[in-house]
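Enquirer: Got a structure for you, written out below as structure tokens; questions coming shortly.
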Amino acid sequence: MSELATRLLDDLKAAVRASDTTRREVLRYLRAEVHNVEIERGRPLTDEEIVSVIQRQIKQRRDAIEQFAKGNRQDLVEAETRQIEILQEYLPPPLTREELLALAREVAGELGASGPKDMGRVMPVVRERIGARAEGRDIATAVREVLAAEGGSSAAS
């Protein structure tokens, strides 16, 4: 059992003992999702794979928040937000904007990217290096910004 899977189980047991129903339900659902993916793949998941399941859960809840907000259901928005907060405790610390930009610049330099047209080459490499430490839209924004600057600086030369 991976370190993160063990932590999830321990935290679930603690939530049950503490009668923390929100945390208990979030962790039960997450563990069920992890178990389903393990069955699908035929093996236990690594910590990185569990993190990707957590990220998918967070994305689903963000989508639900958007729908609940449109339906003017603030109570459900707050419940989903609390669930996201619980899930985020299991993610590695996120990169700062400056760290994201620095990594995007580094990869763009390594690949010889010269402008926005190279987005498709740079994004997968940056995403692989960052892993779970940033969300896709934040990575895309940083890469776009760096490539726009690259395109502007080479046009000025």
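Enquirer: Given the -39500 (n - 2.57) contribution per DSSP H run of 4+ residues, what per-residue ellipticity at 222 nm results for the chain, rounded to the nearest 500 deg cm²/dmol?
Expert: -26500 deg cm²/dmol
Enquirer: Another one. What is the magnitude of the charge dipole of the chain about its Cα centre, with +1 placed on the Cβ of each Lys and Arg, -1 on the Cβ of each Asp and Glu, and no other charges, expressed in debye to the nearest 20?
Expert: I would put it at about 320 debye.
Enquirer: Oh, and also: May I ask you to list the lysines whose Cα is less than 25 Å away from that of LYS70, ignoring any residue fewer than eight positions away on the same chain?
Expert: Within the straight-line limit of under 25 Å, LYS70 reaches these lysines: LYS59.
Enquirer: How would the chain be classified by its alpha-carbon gyration tensor: rounded, prolate or oblate, with rounded meaning a/c under 1.5 and the a/b versus b/c comparison settling the rest?
Expert: Details: a/c = 2.89, a/b = 1.83, b/c = 1.58.
Because a/c hits 1.5 or more and a/b exceeds b/c, the chain counts as prolate.
Enquirer: Still on this structure, I have one more. Over the range 1-46, with the other protein chains present, what is the accessible area per residue in square angstrom, probe 1.4 angstrom?
Expert: 65
The values are calculated or read from the model by the stated rules, or taken from the named source; none is laboratory data. Source: prediction; values computed, not measured. Every residue, glycine as well, gets a Cβ built from its backbone with ideal geometry; the counts of neighbours run over all protein chains shown. Accessible surface is based on the protein model in full, side chains and every heavy atom, while ligands, DNA and RNA are left aside. Shrake-Rupley method; radii C 1.70, N 1.55, O 1.52, S 1.80 Å.
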